[in-house]
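To keep things clear, I will list the structure first and then write my remarks on it.
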Amino acid sequence: QVHLAESGGGLVQPGGSLRLSCAASGTFFAIYSMGWYRQAPGKQRELVASINSGGSTNYVDSVKGRFTISRDNAKNTMYLQMSSLKPEDTGVYYCYAAARVASTAPTYTGWGQGTQVTVSS
């Protein structure tokens with residue numbers, strides 16, 4: 001089973017930058033798509049960005065041009081570089097990974113515990 005550990009959250013002023021990391025560990029055959037969701041207070045969780053095993057990426061419109069998702073397959077680690085941060089980017093950021101424990105096993109999704117990002121002056 002894949003275990004995900006996020007790091008890099010914190011408090012930053014508007015216009016600042018943060019880089020989130022999500023490290024995968026455990027026993028798995030392969031990791032396919034990975035991504036980041038965020039949940040702001042009183043709002044539904046939304047998909048912020050995703051990246052597949054080939055490196056193709058997708059972003060929600062509100063972060064395009066400001067956030068960059070990437071992954072290092074050799075380290076089983078994914079990153080989210082966030083720049084020009086806005087107060088509306090505040091929330092708990094969760095990483096996920098779609099993986100298989102064996103080549104013949106079904107794909108399942110693992111989740112991190114979440115990391116808080118607060119954008120405030």
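Some observations on this one:
- Rounded to the nearest 0.05, the FRET efficiency derived from the C-beta distance between S120 and D61 at R0 = 25 Å is 0.65.
- GNM top mover of S56, S33, S70 - the chain, alpha-carbon springs below 10 Å: S56
- Protection proxy ranking, peptides 101-108, 35-42, average beta carbon neighbours within 10 Å, highest first: 35-42, 101-108
- Partner lysines whose Cα lies under 19 Å from the Cα of K86, excluding those fewer than 8 positions away in the same chain, are identified as K43, K64.
- Accessible area per residue, Å², the chain with all protein chains present, probe 1.4 Å: 51
- Distance between the pseudo-spin-label points of T104 and T27 (7 Å out from Cα toward the beta carbon): 1.6 nm.
- Pairwise centroid distance, computed over Cα atoms, of region 8-57 with region 65-121, Å: 1
- Rough spin-label spacing in nm, given labels placed 7 Å along Cα→Cβ, for L11 and Q39: 2.3
- Assigned charges on the beta-carbon of Lys, Arg, Asp, Glu; the chain dipole about Cα centre (debye): 60
- Carbon plus sulfur fraction of accessible area for the chain, probe 1.4 Å, in percent: 48
The values are calculated or read from the model by the stated rules, or taken from the named source; none is laboratory data. In this text, all values refer to a predicted model and were calculated from it rather than measured experimentally. Don't worry about glycine lacking a Cβ; one is built from the backbone with ideal geometry, like all the others, and counts go over all protein chains shown. Just so you know, the surface numbers come from the protein's heavy atoms only, side chains and all, with ligands and any DNA or RNA stripped out. Shrake-Rupley method; radii C 1.70, N 1.55, O 1.52, S 1.80 Å.
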